[in-house]
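Here's the structure we're looking at; comments come further down.
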Amino acid sequence: MATEVLIVGAGPTGLALALWLAHLGIRARIVDKALEPGTTSRALVVHARTLELYQQVGLAGTLVEGGLEFIAINVWVNGKRRGRAEVGRMGVGLSPFPFLLIHPQDEHERALIAALEAEGVSVERGTELIGLEDGERGVRARLRRGGGAEEVCEAAWVAGCDGAHSAVRGAIGAGFPGGTYAPVFYVADVEAAGEAINGELHVSIDRGDFVGVFPMKGKGRARLIGILREGGDAGEELGWDDVRKVAVAATGIDVRRVNWFSTYRVHHRVADRFRGRRAFLLGDAAHIHSPVGGQGMNTGIGDAVNLSWKLAMVVRGEADETLLDTYEPERIAFARRLVATTDRIFQLVARPGPLADRARTFAPLLVTTAFRLPAARRYLFRVVSQIAIEYRASALSDGRAGAVHGGDRLPWVPPESGEEDDFAPLASLRWQVHVHGSASPALARACASRGLPLHVLRFGPGARRAGFARNALYLVRPDGYVALADPEASPERLEAYLERRGLQPGPLAEVTDRSRTTAPSTAPLRAPPESPAPPDT
Ligand SMILES: Cc1cc2nc3c(=O)[nH]c(=O)nc-3n(C[C@H](O)[C@H](O)[C@H](O)COP(=O)(O)OP(=O)(O)OC[C@H]3O[C@@H](n4cnc5c(N)ncnc54)[C@H](O)[C@@H]3O)c2cc1C
């Protein structure tokens, strides 16, 4: 096939997929019917797991520099500020990005486009998918360009990243069960002044009205989200003047200029399957839900990374096509949980009536109190930041060593004594083996013969706290999830794992032993000296 992978849709999901594929040596073709990238801020929150994945392709720094760290949540009830919780740096010790980052989606997409162009891949704009045949051996996609000219693109695989109204989803006949909530919401990017325009998040609840005030970068800039009214259509010509503004006025905010205003209905739906034959669904094409927790865009980027390395291995002939069967079960399970959870929270936020009014008044106060407890802060960070997503039930996950299971995100060990952290080797986007402590020559030989980089890291207090077992083997996937965890570090078990799944990770071999150095170093291929395993302390 001239085209290995056709990506339909250049929102954050499609762009992230194209970027990861490019770093993995696969040049995808990426098309979008829109003539220009999006110009409105939409998804504001970028979570730690997304930044960790971006760090692997060198993009995290750009986003962090261009964004704003979440500092605190304030709750206003009937015009009085009733609670404030510090939420900055909640995930210290859990992630190199221990915060929630505010970074508008239009700027985020621009950063992805620039990174992709640096890899020599450009989005083909004004190009719409109008038909798709999903065959046994490849797909035939009918594309229409701006002038009306049509083209047939034959590709080995197609990724439907084409949003909530996905044409790819329609073509493979996947259902999109779920529902639509009654209230019409508004979102407004404003320039404003007042006590609540102070770089923090404010939630105001007042006589059946509520508003969330999100800080944005730039003096006096904020994003307001609230309920416009029950019923009616989101597409109608509605503007700032139609907003009730009771809750806005209660915080004393003086809106001086509205830069962008939009109304929308909130849906909760998950596609009944994420794959046809050679077509996949990702991002909003596969799942949509309320903006509670700012999860939508981040989940789409997670889908993209999950699929990218699997597609790349299959295209490069390093894995059997059955590897692609693991995409749907790994991602659909999380999407279903997410939609169910956001639905429950959303019902609490949006349901009309006096009982719901009372719940709306007390729930945020409970949450701000919970944020003061260190254990609750860590728990909330783990859940919201998406670092707790795991694939333990996946066919790719096997074993447990210490507290780390096959399928877990590789736990982060903060750098000690000037060394790099255990995430640094993930920038290679390669399968790799991590051992905290020492590795036997037999394991080093097995890794070398399989072309697996072996990273021998210090078994210090950080590794112990993160749940690693001394001298155990952790086989890590290109997306930073543990595939196999083996307390015996058995070369035979490693071999059997790869053999059974038909995986032949890349051909280059190296041993990187940083356990005894203060500066990062890459040693030539060699077996580390035989050392008896010291007992765990
Ligand atoms: C007001 C608002 C606020 C939000 N806030 C948040 C938030 O805080 N946090 C969060 O995580 N999420 C948030 N979201 C959701 C977030 O914007 C989406 O989840 C995200 O845009 C999904 O990205 P995507 O790439 O999957 O789809 P999209 O961004 O919808 O991109 C799909 C692309 O496909 C193209 N396309 C469609 N059909 C075709 C076709 N047939 N041929 C070619 N191209 C096609 C479209 O032009 C579009 O560019 C918000 C959404 C809205 C509307």
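The values are calculated or read from the model by the stated rules, or taken from the named source; none is laboratory data. What you see is a predicted model; the values in this text were computed from it and never measured. Positions of Cβ are backbone-derived with ideal geometry, glycine not excepted, and every protein chain shown enters the neighbour counts. Note: accessible area is taken over every heavy atom of the protein model, side chains too, but ligands, DNA and RNA are not part of it. Shrake-Rupley method; radii C 1.70, N 1.55, O 1.52, S 1.80 Å.
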With only helices counted (DSSP H, runs n ≥ 4, each -39500 (n - 2.57)), the per-residue ellipticity at 222 nm for the chain, to the nearest 500, works out to -8500 deg cm²/dmol
Of all C-alpha pairs within the stretch 398-513, those more than 16 angstrom apart amount in percent to 53
Regression test value, accessible area per residue of the chain, probe 1.4 Å, units Å², expected 40
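Based on the Kirkwood radius over alpha-carbon pairs, what value in µm²/s does the Stokes-Einstein equation return for the translational diffusion coefficient of the chain at 37 °C and 0.692 mPa s? If you can, show how the numbers build up before the last one.
On the way: Rh = 24.6 Å.
My calculation gives 133 µm²/s for D.
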Answer in debye to the nearest 20: the dipole magnitude of the chain about its Cα centre, from +1 Lys/Arg and -1 Asp/Glu charges placed on Cβ, is 1340
Helix 491-501 sits off the longest principal axis of the Cα atoms of the chain, rounded to the nearest 10 on a 0 to 90 degree scale, by 60
Length gained if D242 through Y264 is fully extended, taking 0.36 nm per residue and subtracting the Cα-Cα distance, is 6.5 nm
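Order these peptides, 196-207, 372-383, 144-155, 84-95, by their mean beta-carbon neighbour count within 10 angstrom, highest first. Mind showing how you got there, number by number?
Working: 196-207: 21.0, 372-383: 14.6, 144-155: 12.8, 84-95: 17.9.
Descending mean neighbour count gives 196-207, 84-95, 372-383, 144-155.
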Computed over the chain: longest principal axis from alpha-carbon atoms vs helix 354-370 long axis, angle to nearest 10 degrees, is 40
Over the stretch 210-326, the quotient of the Cα radius of gyration and 2.2 N^0.38 Å is 1.52
Expected field for F346, accessible surface area in Å² at 1.4 Å probe radius, rounded to 10, holds 10
In Å, the C-alpha Rg and Dmax of the stretch 6-146 are 19.0, 63
Helix 374-384: inclination vs the chain longest Cα principal axis, degrees, rounded to 10, gives 90
Ignoring ligands and nucleic acids, K80 exposes an accessible area, probe 1.4 Å, in Å² to the nearest 10, of 140
Filtered hits (lysines, Cα-Cα < 26 Å from K80, offset >= 8 within chain) -> K217, K219, K245
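Quick check: at a probe of 1.4 Å, how many percent of the accessible area of the chain sits on carbon and sulfur atoms?
Working: 11500 of 21740 Å².
About 53 percent, which is the carbon plus sulfur part of the accessible surface.
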Expected vector for the stretch 64-71, Karplus 3J(HN,Hα) from phi with 6.51, -1.76, 1.60 and θ = phi - 60°, integer Hz, x for Gly and Pro, equals 4, 4, x, x, 9, 7, 5, 9
Quick numbers on the stretch 130-243, Rg and Dmax over C-alpha atoms in Å, give 21.6, 61
